[in-house]
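Encoded as structure tokens, the structure appears first; notes follow it.
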């Protein structure tokens, strides 16, 4: 009987000890090899030695005083401070008459309009840290539009230095809309970012009404992490940008000393809210019942970094609006800054007729700054044609 009990105890203890050894091994491997995240969210692999990062630094010739100074300088790095997603609806609005009359499509937007800043899932604070950036290309995109991002990276969004002027690129993303394969899409976007290192992603759903969230979260991010950027081009992932013409225009504005309040694009004046319920841009009277201030089409516009910081400050004083480019127009009005109209920005296409030959004429693209509404392959093809040295245009339009 005693032998049977002992055998049972041994049979129970052996797998328990094995499990403990496996767990101890995993913990050891984790300490030695697994990537860690630093204060910026970057992953780093520990050295396979017990003396850690300080030992490795000393082997490279750094003194202990250098390391102590580095620790002091790294105590308070700039960081994204919206770390917790905690946004409950403003239920007091439900009892108000105007809310009861409001189109139900806008209920969630209004109930959560006070929620402004969201945790970051992917961050790149180092993007603006390596010296002065002349132009930051900022592109609105969604996770599924990988082909568009690839086209931008191969063309106008390519990170480069032109005539000594450094150009950097970032794509702005939220999370997948409801009903999509969110888990797999997130893994794909993380892998894409691991390759290119050019994605900023926040933990809010990528919907049309949330484009304004993308705007204000970027402005906050820019204010924190980009002290040495001079200009920002902001656009969609389906536009053609003639980088050379854009840089020429910036140089002209700097020479004329007009860059401080620079906000330029395809400006819209005296617009009113669209009341057609079938329109993507429909706004009910209960939400807004005035004319819009002058604003620039969101497909592509240019602004100075100085003005971007002022926009961030004033944006916090205004209620969010579900159309992002109109919201920026409201911010500009608050600052008493008029957006500048420029014929080189065609954010509604060269002509509104899709069958027009002008829309496919490379000489127009060579003379303009921004053209909207190109699918990924058309963008790559047009870029190649426009930059072909054998392309001869009879007359170059002024930009």
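Odds and ends about this structure:
- Single condition residue 384 does not satisfy, out of (1) surrounded by fewer than 17 Cβ atoms within 10 Å (Cβ to Cβ); (2) modelled with pLDDT of 95 or more; (3) touching a helix residue (DSSP H, G or I) at 6+ places or on another chain (Cβ under 7 Å); (4) closer than 20 Å to residue 155 by Cα: (3)
- In the stretch 179-200, the residues that are over 19 Å from residue 80 (Cβ atoms) and in a helix (DSSP H, G or I): 182, 183, 184, 185, 187, 188, 191, 192, 194, 195, 196
- Conditions (1) within 14 Å of the chain's Cα centre (by Cα); (2) over 30 Å from residue 287 (Cα atoms); (3) outside any helix (DSSP H, G or I); number of the one not met by residue 231: (1)
- Subset of the stretch 252-279 (residues that are surrounded by fewer than 17 Cβ atoms within 10 Å (Cβ to Cβ), under 28 Å from the mean Cα position of the chain (by Cα) and more than 13 Å from residue 326 (Cβ to Cβ)): 252, 254, 258, 260, 279
- Filter pass, residue 204 being assigned to a strand (DSSP E or B) and touching a residue at least 40 places away in the same chain (Cβ under 8 Å): yes
- The listed residues are 332, 320, 374, and the only one of them that is touching a strand residue (DSSP E or B) at 6+ places or on another chain (Cβ under 8 Å), modelled with pLDDT of 95 or more and surrounded by 14 or more Cβ atoms within 10 Å (Cβ to Cβ) turns out to be 332.
- Helices (runs of 4 or more DSSP H) (entirely within the stretch 302-399) containing at least 1 residues that are touching a residue at least 60 places away in the same chain (Cβ under 8 Å) and under 14 Å from residue 264 (Cα atoms): 305-315, 324-334
- Only one of the listed residues (249, 312, 240) is surrounded by 14 or more Cβ atoms within 10 Å (Cβ to Cβ), under 17 Å from residue 137 (Cβ atoms) and touching a helix residue (DSSP H, G or I) at 6+ places or on another chain (Cβ under 7 Å). That residue is 240.
The values are calculated or read from the model by the stated rules, or taken from the named source; none is laboratory data. Given the structure is predicted, the values throughout are model-derived calculations rather than measurements. With ideal geometry, Cβ positions are generated from the backbone for all residues, glycine too; neighbour counts draw on all protein chains shown.
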